[in-house]
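Asker: I am attaching a structure below and will ask some questions about it afterwards.
The values are calculated or read from the model by the stated rules, or taken from the named source; none is laboratory data. In this text the structure is predicted, and so the values were computed from the model without any measurement. Cβ atoms come from the backbone with ideal geometry, glycine included; neighbour counts cover every protein chain shown. These area figures cover heavy atoms from the full protein model, side chains too; ligands, DNA and RNA do not enter into them. Shrake-Rupley method; radii C 1.70, N 1.55, O 1.52, S 1.80 Å.
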Amino acid sequence: MKGILMPKVSELRAGLRSRIENGPIVVAPGSGDALGARLVQSQGFEAAYMSGFAVEGTYGKPDVGLLGLKEMADRAAQMVDTIEIPLICDADNGYGGAINVIRTVREFERAGVSAIHIEDQIFPKKCGSMEGRTCVETPEMVGKIKAALDTRTDPNFMIIARTDIFVSEGRQAAADRLATYAEAGADMLLVTGPYTTEDAESLIKGASRPLVYLNAETLTMPMMPVSRLEELGVGLVLFPLSLLLSSTQAMLRTLSVIKNQGTTLNTMSESSVPWKEFTSLVGFEDIKRYEEEYSK
């Protein structure tokens, strides 16, 4: 639950834009749910990321566009409601054409999100680390970018344009699309791989707008230290899968213990967050304070 004196969404958006434009680099670990977002905030990160892959994962589904705009925007609103830092969201390919993008921007802006990225894949899309991705023609994506920019009511609600063209057409095609998307007015740019460190550095240095970089454990893009990315001029680095993959591993280990030992008593101290620490993380102390203040 939020505190009484929460930063206004407009302030969070303006602060994120200023930070990206002026530095230092923003690091935003990703999650697919509100608990993960709260954990990101609890560790002192200044922004959180809603990963499409992670949201699909929390539904027990693969990231192939099975969830629609409403489900994703609702999840974003749940995450925003639990944190006091900006939330950046994966908005897939805008869930259709330019007209669909208009509604997409309205829904995410209404949810209190600070930035979204829209990709140039056809509909339905595929995960950015999967083979077989196909992109729309450049003019179609330009139309989506312009529709997004014209629709937003807060100029600090950032539109990030992502291209997946590298996988089929290579570095120069990706660089060309980034340049075109920047010219169309995108606030930030993002390009998925697979590519090499040399490719990544070339694309980052050649971009006319700040780049977003994905440090994903799929390693289809090279995982680069935040310090190096900052040296190259990256404004925002996302860790879209880290929490999902590590928490899944932890849950599988615990399930194995239950199955084989019939109790978790022998492993609780090393594998589980203490009960009191967890209740603190999810805001029980706030509830107690509210009860004392408003139940007199």
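Asker: Among P210, T220, M79, whose Cα projects farthest towards the positive end of the dipole of the chain, with charges put on the beta-carbon of Lys, Arg (+1) and Asp, Glu (-1)?
Answerer: M79
Asker: Rank by packing, highest mean first: peptides 92-103, 109-120, with packing defined as the count of other Cβ atoms within 10 Å averaged across residues.
Answerer: Sorting 92-103, 109-120 by mean packing, highest first, produces 109-120, 92-103.
Asker: Could you compute Rg(Cα) / (2.2 N^0.38 Å) for the stretch 110-238, with N its residue count?
Answerer: 1.00
Asker: Give the separation of the Cα centroids, the stretch 223-296 to the stretch 12-91, in Å.
Answerer: Centre-to-centre distance over Cα atoms comes out at 15 Å.
Asker: Starting with the highest mean, order 59-68, 43-52 by the number of other Cβ atoms within 10 Å, averaged over the residues of each peptide.
Answerer: 43-52, 59-68
Asker: Report, to the nearest whole %, how much of the accessible area of the stretch 9-245 belongs to carbon and sulfur atoms, 1.4 Å probe, protein only.
Answerer: The value for the stretch 9-245 is 52 percent carbon and sulfur by accessible area.
Asker: Then there's this: Given 0.36 nm per residue, what is the gain on full extension from A179 to I122 after removing their alpha carbon distance, in nm?
Answerer: The span from A179 to I122 would gain 18.5 nm if fully extended.
Asker: A further question on this structure: Cβ neighbours within 10 Å, averaged per peptide: list 232-243, 260-271 in order, most packed at the top.
Answerer: 232-243, 260-271
Asker: Hey, another quick one. Measure nothing but the geometry: give the 0 to 90° angle between the long axis through the Cα atoms of 197-206 and the longest principal axis through the Cα atoms of the chain, rounded to 10°.
Answerer: 70
Asker: Output the relative contact order of the stretch 52-167, whole-number percent, from Cα pairs under 8 angstrom with separation of 6+ residues.
Answerer: That works out to 28 percent.
Asker: Per residue of the chain, what 222 nm ellipticity follows from adding -39500 (n - 2.57) for every DSSP H run with n ≥ 4, rounded to the nearest 500?
Answerer: Dividing the helical sum by the residues of the chain leaves -14500 deg cm²/dmol.
Asker: Sequence gap at least 6, Cα distance under 8 Å: using those rules, report the relative contact order of the chain to the nearest whole percent.
Answerer: 19
Asker: Go through C89, C135 and list them by solvent-accessible area, largest first, probe radius 1.4 Å.
Answerer: C135, C89
Asker: How long are the semi-axes of the equivalent ellipsoid of the stretch 131-193, defined as square roots of 5 times the Cα gyration tensor eigenvalues? Whole Å, largest first.
Answerer: So the three semi-axes of the stretch 131-193 are 22, 11, 10 Å.
Asker: Could I ask something else about it? So which of K70/K146; K125/K146; K70/K259 end up more than 26 Å apart, counting from Cα to Cα?
Answerer: Cα-Cα > 26 Å for K70/K259; rest within.
Asker: Now, a different point. According to a simple spin-label model (label point 7 Å from Cα along Cα-to-Cβ), what is the distance in nm between E217 and T197?
Answerer: Using points 7 Å along Cα→Cβ, the separation is 2.2 nm.
Asker: Take S271 and L232, extend 7 Å from each Cα along the Cα→Cβ direction, and tell me the distance between the two endpoints in nm.
Answerer: With each label placed 7 Å out from Cα toward Cβ, I get 3.8 nm.
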